[in-house]
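Asks: Handing you a structure now.
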Amino acid sequence: MADHTKTNLVTLTRHVLSDQKKHADATGDLTLLLTSIQLGCKFVATSVRKAGLVHLTGLAGATNVQGEDVKKLDILSNEIFINALRSSGMSAILVSEEDEEAIFIEEGLQGKYCVVFDPLDGSSNIDAGVNVGTIFGIYRVKDEGGRPSLADVLRPGTEMIAAGYAQYGSSCNLVLTVDKTIHGYTLDSTIGEFILTHPDIRIPDRGSIYSVNEGNSMYWDEPCKTYFNSIKFPTQPNTKPYSARYIGSMVADIHRTLLYGGIFAYPGDSKSPKGKLRVLYECFPMAMIMENAGGKASTGHSRMLEYTPTHIHDRSPIFLGSKKDVEDIEALYRAAA
Ligand code: AHG
Ligand code: MN
Ligand code: MN
Ligand code: MN
């Protein structure tokens, strides 16, 4: 509920504007783009909440480019974001998990940003009422006077100018990183605004929680097996094992890792050498968030954000979270190289 005793509510829009004003060349365009993303998140939040009541759970009866059975809410969320982003007049290219091809915005509505997004993350959990989310990343087009092309999005994550996620759970949280700042906001649905609740998020240097689908462990490579065994069966004296937490929605697992510390992983393995998570709209945004909160994000062999995708739905193994925890697994991959 709005805290009516507080008369100085820091909304997401106001907070971004105040940060953007520090840049002499700020035009307000990014703030406008983020307003359309906020609208999409608010709309998806309400759709997710009432899904069970208006027959919006369950399968849509189609499969997507990922080979997944698409949920009705996957399609609804995707359309909500495409319409919000297109009508903002601030985007040139959209890449969505749910669209096989990139969407090039028509001339009259073209802007200077490219938005890559996962409209509904963790959708396999939706029918069980488990937390789901939205993930997004933003690039500026390389040449504002030129013709947008896939070269504007097939680029390293280091060139993303902003990234974030919304989590639809007990409350609707939105974490946003722009340049090097990173803050968390919580939706006050009575006034329809995201309010600053987690300023300057920092992840602990080391955690005590690991988050990985151990159902794949028989397919893992040796460094991966060695690493997870080392935190489950520690040999150093007076050392406790890590706790296991795995929700199966990346947004929920990452949000917990960001706030509590520890490591999240979706490794590559013998059945899926590039792992499962998609580079542009899952790995890169979460990697940027972790790095800007003082954490790390790695493929195991190299910095996640320095990877250059060759396809808009490219996948990569990923280990991210507390700096020291990620460094431990990188050391094992280096030793095995
Ligand atoms: P999406 O629902 O957008 O397709 O993403 C699902 C992803 C991610 O949310 C999660 O971390 C991972 O799938 C879980 O995969 P497993 O069920 O194989 O563990
Ligand atoms: Mn999916
Ligand atoms: Mn996803
Ligand atoms: Mn998805």
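Asks: Roughly speaking, what is the stretch gain from GLU101 to ALA151, that is 0.36 nm per residue apart minus the C-alpha to C-alpha distance, in nm to one decimal?
Replies: Result: 16.6 nm gained on full extension.
Asks: If contacts are Cα pairs under 8 angstrom and at least 6 residues apart, what is the relative contact order of segment 120-275 in percent?
Replies: This gives 22 percent for segment 120-275.
Asks: Taking only the C-alpha atoms, wrap a convex hull around segment 288-337 and report its volume per residue in Å³ as a whole number.
Replies: About 75 Å³ per residue, rounded to a whole number.
Asks: Could you put LYS6, LYS274 in order, starting from the residue whose Cβ has the fewest other Cβ atoms within 10 Å?
Replies: In order of increasing Cβ crowding within 10 Å: LYS6, LYS274.
Asks: Also: Projected onto the charge dipole of the chain (+1 at Lys/Arg Cβ, -1 at Asp/Glu Cβ, origin at the Cα centre), which of GLY145, LEU59, GLY108 gives the Cα projection farthest towards the positive end?
Replies: With unit charges placed on the Cβ atoms, the residue in question is LEU59.
Asks: Let me spell out the model: positive unit charges on the Cβ of Lys and Arg, negative unit charges on the Cβ of Asp and Glu, origin at the Cα centre of segment 1-153. What dipole size does that give, in debye rounded to 20?
Replies: So the magnitude is around 800 debye.
Asks: Round to the nearest 0.05 the FRET efficiency obtained for GLU68 and TYR219 when R0 = 25 Å and r is the Cβ-Cβ distance.
Replies: In this case the efficiency is close to 0.80.
Asks: Among VAL95, TRP220, ALA244, which residue has its Cα furthest toward the positive end of the charge dipole of the chain, with +1 on Lys/Arg Cβ and -1 on Asp/Glu Cβ?
Replies: Looking along the dipole axis, the top candidate is ALA244.
Asks: Just the Kirkwood number for segment 34-104, please: inverse of mean 1/r across all distinct Cα pairs, in Å, one decimal.
Replies: Here the Kirkwood hydrodynamic radius works out to 12.9 Å.
Asks: Which distance in Å, rounded to a whole number, links the C-alpha centroids of segment 253-281 and segment 131-162?
Replies: Here the two parts' Cα centres lie 21 Å apart.
Asks: Report the rotationally averaged projected area of segment 234-332 based on its alpha-carbon convex hull, in square nanometres.
Replies: 7.0 nm²
Asks: Treat each spin label as a single point 7 Å out from the Cα along the C-beta direction, and report the LYS232 to SER302 distance in nm.
Replies: Going by the 7 Å Cα→Cβ label model, 3.0 nm.
Asks: Relative to the compact-globule scaling 2.2 N^0.38 Å, provide the ratio for the alpha-carbon radius of gyration of segment 161-320.
Replies: So the Cα radius of gyration is 1.08 times the expected 2.2 N^0.38 Å.
Asks: Please identify the DSSP H helices in the chain that span no less than 27 Å along the helix axis (Cα) and have a mean Kyte-Doolittle hydropathy of 0.0 or more.
Replies: Length and hydropathy pass: 29-50.
Asks: Determine the dipole magnitude for the chain: charges of +1 sit on the beta-carbon of Lys and Arg, -1 on that of Asp and Glu, nothing else is charged, the reference point is the Cα centre, and the result goes in debye to the nearest 20.
Replies: With Lys and Arg at +1 and Asp and Glu at -1, about 860 debye.
Asks: Points 7 angstrom from Cα along the Cβ direction at ASP179 and LYS274: gap in nanometres?
Replies: 3.4 nm
Asks: Which part of segment 45-70 falls in the paramagnetic zone of ASP127, meaning amide N under 16 Å from the point 7 Å along Cα-to-beta-carbon?
Replies: Zone members listed by number: 51-64, 68-70.
Asks: Please report, to one decimal in angstroms, the Kirkwood hydrodynamic radius of segment 6-66 built from all distinct Cα-Cα pairs.
Replies: 14.8 Å
Asks: In addition: Just need the relative contact order of segment 69-197 here, percent rounded to a whole number, with Cα pairs under 8 Å and 6+ apart.
Replies: For segment 69-197, the relative contact order is 16 percent.
Asks: Treating only the Cβ atoms of Lys and Arg (+1) and Asp and Glu (-1) as charged, compute the dipole magnitude of segment 128-215 about its Cα centre; round to the nearest 20 debye.
Replies: In debye, rounded to 20, segment 128-215 gives about 180.
Asks: Next question. Any chance you could list P(r) for the chain, counting all Cα-Cα pairs in 10 angstrom bins from zero, rounded to whole %?
Replies: 6, 26, 35, 24, 9, 1, 0
Asks: Now a separate question. What FRET efficiency comes out for the pair THR46/ARG245, r = Cβ-Cβ distance, R0 = 22 Å, nearest 0.05?
Replies: 0.20
Asks: Given axes a ≥ b ≥ c from the Cα gyration tensor, I'd like to know whether segment 46-203 is rounded (a/c under 1.5), prolate (a/b larger than b/c) or oblate.
Replies: Judged from the Cα gyration tensor, segment 46-203 comes out oblate (a/c at least 1.5, b/c at or above a/b).
Asks: Residues of segment 194-226 with backbone nitrogen within less than 15 Å of a virtual label 7 Å along the Cα-to-Cβ line of ALA336, please, listed as ranges.
Replies: 216-226
We did not get these values from a lab; they are worked out from the coordinates using the rules stated. Values in this document were obtained by computation on a predicted structure and should not be read as measured data. Glycine also receives a Cβ, built like all others from the backbone with ideal geometry; neighbour counts cover every protein chain displayed.
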